[in-house]
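Written below as structure tokens is the structure these notes are about.
Every read-out reported here was derived from the displayed coordinates using simple, explicitly stated rules and does not represent laboratory data. Here the structure is a predicted model, which is why all the values come from computation and not from measurement. Cβ placement follows ideal geometry from the backbone for every residue including glycine, while neighbour counts extend to all protein chains displayed.
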Amino acid sequence: MNQRTFFLGSPATLTGLFAPNSPLVLPSGADVCVLPTAAAFTGATETAVATSARVQDADVRVEALMVTDRSSASEPYFAERLAAADAIILTDGSALHARSTWRETPVGEALRDAALVMVIGETCTVLGDHMADPRGGAPTTGLGYRSGAVVVGPCHPDRLARTRELLGDNELVIALNEGGVVLCVDGEWRALNDEVRVFRGGAADEINSR
């Protein structure tokens with residue numbers, strides 16, 4: 001299937017990901033959709049514009065889709081647009097809002113099936129079977145779009161420690177610093193730089209390195 005998902009610690013990592021010789025590998029003139037759902041409460045339009053600006057020097061076409069609530073996430077046009085895109089960027093913002101907006105909607109199904117997704121910051125935690133609640137770190141149910149790990153964006157060490165403590169011993173936890181980048185290809189996880197920490201249960205673990 002070759003389904004690729006890049007998990008990014010912060011928006012700043014996008015520019016490098018779209019640079020030449022990056023593992024992203026997009027065709028010339030690729031169609032890229034920005035989905036600012038998670039930023040609905042902090043400024044979806046502003047976030048979409050800022051995200052698009054970070055990749056403006058790349059040879060891609062970028063369009064922001066203003067899916068900010070369940071009503072827009074249920075629109076067939078948006079789901080069809082995402083399904084046709086070469087790549088999708090999910091912006092940083094509220095993980096809880098993103099989860100509630102995308103769950104069991106056509107847009108959510110398009111994200112689940114998408115071949116290439118980039119997800120940023122706190123929103124990274126939403127895609128797994130389990131996610132870390134940003135209000136305190138307790139594990140809760142994610143969307144189940146990308147299995148195999150609980151991904152945590154930059155957060156306070158106490159919150160990360162609580163997530164690790166409450167998860168089972170067999171759960172893989174991937175914690176991203178702001179510059180961290182992790183790639184998941186069909187369920188296989190790989191850290192692309194040194195700004196990534198990996199744990200299983202209470203101990204440090206490893207995933208494939210660069």
* To do: Can you confirm whether the stretch 69-80 contains a residue that is touching a residue at least 24 places away in the same chain (Cβ under 8 Å), surrounded by 17 or more Cβ atoms within 10 Å (Cβ to Cβ) and assigned to a loop (DSSP other than H, G, I, E, B)?
  => no
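Condition check ((1) among the charged types (D, E, K, R); (2) closer than 26 Å to residue 34 by Cβ) across all residues:
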position	(1), (2)
110	no, yes
127	no, yes
165	yes, no
168	no, no
177	no, yes
194	yes, no
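Where residues in the stretch 139-153 are closer than 24 Å to residue 179 by Cα and surrounded by fewer than 21 Cβ atoms within 10 Å (Cβ to Cβ), which of them is nearest to the chain's Cα centre (by Cα)?
Taking the stretch 139-153 and keeping what is closer than 24 Å to residue 179 by Cα, we get 139, 142, 145-153.
Within this subset, residues satisfying the condition of being surrounded by fewer than 21 Cβ atoms within 10 Å (Cβ to Cβ) are 145, 147-148.
Working: 145: 11, 147: 13, 148: 14 Å.
Here the residue is 145.
Can you tell me which of 60, 55 is in contact with a Gly (Cβ under 8 Å, 6 or more places away or on another chain), more than 23 Å from residue 128 (Cβ to Cβ) and not small (Gly, Ala, Ser)? If you could, list the steps in order and put the result at the bottom.
Values: 55 fails: in contact with a Gly (Cβ under 8 Å, 6 or more places away or on another chain).
Result of the check over 60, 55: 60.
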* If a residue has to be crowded, with 24+ Cβ neighbours inside 10 Å and within 12 Å of the chain's Cα centre (by Cα) to count, how many in the stretch 88-116 make the cut? -> 7
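Tally the residues that are hydrophobic (A, V, I, L, M, F, W, C) and under 23 Å from residue 109 (Cα atoms), restricting the search to the stretch 42-76.
Here is the first cut: in the stretch 42-76, the residues hydrophobic (A, V, I, L, M, F, W, C) are 44, 48-50, 53, 55, 58, 60, 62, 64-67, 73.
Subsequent filtering for residues that are under 23 Å from residue 109 (Cα atoms) retains 44, 48, 62, 64-67, 73.
Looking only at that region, the number is 8.
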* Structure fact -> Cβ pairs under 6 Å, 6+ apart or interchain, first in the stretch 119-142 and over 18 Å from residue 8 (Cα atoms), second basic (Lys, Arg) and not in a loop (DSSP other than H, G, I, E, B), ordered by first then second residue, are 137/159; 137/162
